[in-house]
Amino acid sequence: NQSHGLGLNIKSRGIRANTDDPTTPEAISVLKAANIDWQGTSQILTMSDLEWADDVWGMTQEHLDVAMQLGLKLAFNCRPRYQLMAGEQELLDPLHCGLEAYQQLFIQLQVIIAKRLVGILSPWEA
């Protein structure tokens, strides 16, 4: 849960990891190579996360399907918007796919997140 000085909060959640599972060695390696000192642990997506969120971005349709199924318990007007992170295409979930998959995802996310943030922040900058 971080704001990065942008006036918005971002949370990262998963659908397979258990809460407080250690971050995978592959993810730590990729983050370390990018000079990112990560100290967190895995967090599973919960109903309270969906109540909190305005937007939910999933790497895969499966991720979105799990989130939407969980979110069915929310009142219709309290549900977040659900979208694939990369727009029309899915991103490979790197879990159990090796270091190269994590490296590729990191490169993709740098571009995708920058575009997403521009889309979120630009209405207030106009």
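The values are calculated or read from the model by the stated rules, or taken from the named source; none is laboratory data. Just so you know, these numbers come straight off a predicted model, no measurement behind them. Quick reminder, even Gly has a Cβ in these numbers, built from the backbone with ideal geometry, and neighbours come from all protein chains shown.
If I filter the stretch 77-126 down to residues being aliphatic (A, V, I, L, M) and surrounded by 16 or more Cβ atoms within 10 Å (Cβ to Cβ), which single residue comes out as farthest from the chain's Cα centre (by Cα)?
Keep residues of the stretch 77-126 that are aliphatic (A, V, I, L, M), which gives 84-86, 91-92, 95, 99, 101, 105, 107, 109, 111-114, 117-118, 120-121, 126.
Still in the running and surrounded by 16 or more Cβ atoms within 10 Å (Cβ to Cβ): 84-86, 91, 101, 105, 112.
Details: L84: 10, M85: 8, A86: 11, L91: 11, A101: 16, L105: 12, I112: 11 Å.
My answer is A101.
The residue of the stretch 54-91 that is farthest from V118 (Cα to Cα), among those that are among the small types (G, A, S) and in contact with a helix residue (DSSP H, G or I) (Cβ under 9 Å, 6 or more places away or on another chain), is G71.
Yes or no: the stretch 7-14 includes at least one residue that is at pLDDT below 90, more than 15 Å from the chain's Cα centre (by Cα), in a loop (DSSP other than H, G, I, E, B) and more than 23 Å from Q103 (Cα to Cα). Checking the stretch 7-14: at least one residue is at pLDDT below 90, more than 15 Å from the chain's Cα centre (by Cα), in a loop (DSSP other than H, G, I, E, B) and more than 23 Å from Q103 (Cα to Cα). Within the stretch 111-126, none of the residues are at pLDDT 90 or above and among the polar types (S, T, N, Q).
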